[in-house]
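Taking it in order: structure first as C-alpha cells, then the write-up.
The values are calculated or read from the model by the stated rules, or taken from the named source; none is laboratory data. No experiment lies behind these values; they were computed from the predicted model shown. Positions of Cβ are backbone-derived with ideal geometry, glycine not excepted, and every protein chain shown enters the neighbour counts.
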Amino acid sequence: MNGFLNILKPPGMTSAAVVGNVRRLTGEKRVGHAGTLDPEAAGVLPVMVGRAARLFDYLTEKEKTYVAECAFGCETDTQDAQGTVTRTGDAYPTLDAVKAAAQSLTGDILQRPSAYSAVKRDGKALYELARAGRSVEIEPRPVHIERIDVGPETGNHGVMLTVTCGRGTYIRALCEDIGRLCGCPAHMRFLLRTRTGVFDIADAVTLEEAAEAAAQGRLAELLTPMDAPLGHLPRLEVPEAWYKPAFNGVSLPVEAFGAEQLAEETLVRLYAGEVFLGLASRQGETMTWRVILADHKDMESCR
C-alpha cells in the first residue's frame, strides 16, 4: 500500500478525519493528506499512503481549480457562510461588474488571508488565535490567480466562480475582495475543489467507495503511483551495474548517468527500469539521495 488515494472529501468533515478513515481502511500507519481542505469545503483531497508520505515536502501542487459561490449582501468574520455577519449592504452588482472585479484580481496579486485561516503565527494557526479571542495583524501575501470564470448567477444574489490558482490562495478572501471592488459586501457560500496538481475530481473516490474496495480486497487498485505528482522533475535511469548500490541507498556518481550537464542541487527522479527508486539531487560529482522509496523486495522486479 504505497501511493496516493484521491479522495472526494464531503462537506462537514475535516481533512484529518479523512486521514483517520483511510488509515483504518488500509491498516497503514503512515497516512497523511497533501493539501488541507476546510471542513465545510468539498472536493479533491489527495491522501498519501505508506511510503508516499515521505514525499510531502516535495509536492508542489502548483495549480488548483475551485468552483465557488460568491454571495453578495453581507461579509462575515470567517469570510464564509459559517461565520458571524459583520457588514451588510444591498448594492448588488451586475454580472458584468463581477466579471470586471474578478479580472482585476487575476495574475500575481497580494491577498490578505482570513483571520480564520490555517496560516501560522508564532507556531499556531490563525484560526486558533481567532477562536481564543486574540486579534493579530495579518500581512498580505503574494499569490497567483491564473483565471476566474464568472457565472452563472444563482439565487439569493449569488454568482458562481471557477478559479484556477496557485497554492496559498484563499477563495473566501477572493470572494470578499470581489465584493469590496463591486461596492457590495460578499462572502463565500460554497466551495468545491475540482483539481489539485494531477489529482482531478473525475478520478476521485468517496470514502464509501474506498471502503467497498477495501472490503473486496482491491483498495490498492485505486492508488495513484507515487511518482505521478512528480512529473515536473527530470527523470534519470540508474545503469543496471549500479542497481545494487542504488537499492542500498549509496550515493551514485553523476558520470554514471551521463548527466554532467545537470545543474548543482537539481532535484531528479531516479528509476531502475520501471521501479521508482526515489528522489536525489546533484551534490558536486555525486547524486545524493533526498528520499528513498524502494526496498530490496522491489529489486526483484528489475531482474
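Taking the stretch 191-301 and the strands (runs of 3 or more DSSP E) fully enclosed by it, the elements with 3 or more residues that are within 30 Å of residue 24 (Cα to Cα) are at 275-283, 286-292. The sole residue among 57, 38 that is farther than 19 Å from residue 198 by Cβ, of a type outside the set (S, T, N, Q) and under 17 Å from the mean Cα position of the chain (by Cα) is 38. Kindly indicate whether any position in the stretch 197-220 is at pLDDT 90 or above and aromatic (Phe, Trp, Tyr). Yes, some residue in the stretch 197-220 is at pLDDT 90 or above and aromatic (Phe, Trp, Tyr). The criterion of at least 3 residues that are of a type outside the set (Lys, Arg) and more than 30 Å from residue 182 (Cβ to Cβ) is met by the following strands (runs of 3 or more DSSP E) wholly inside the stretch 18-112: 31-33, 42-49.
Being in contact (Cβ under 8 Å) with a residue 60 or more places away in the chain, in contact with an Asp or Glu (Cβ under 7 Å, 6 or more places away or on another chain) and within 19 Å of residue 211 (Cβ to Cβ) is the filter; apply it to the stretch 1-43 and report the residue that is surrounded by the fewest Cβ atoms within 10 Å (Cβ to Cβ). Here the residue is 1.
Being free of Cβ contacts under 8 Å to residues at least 12 places away in the same chain and surrounded by 16 or more Cβ atoms within 10 Å (Cβ to Cβ) holds for only one residue in 213, 202, and it is 213.
Would you say residue 78 is hydroxyl-bearing (Ser, Thr, Tyr) and buried (at least 16 other Cβ atoms within 10 Å of the Cβ)?
When the stated conditions are applied, residue 78 passes them.
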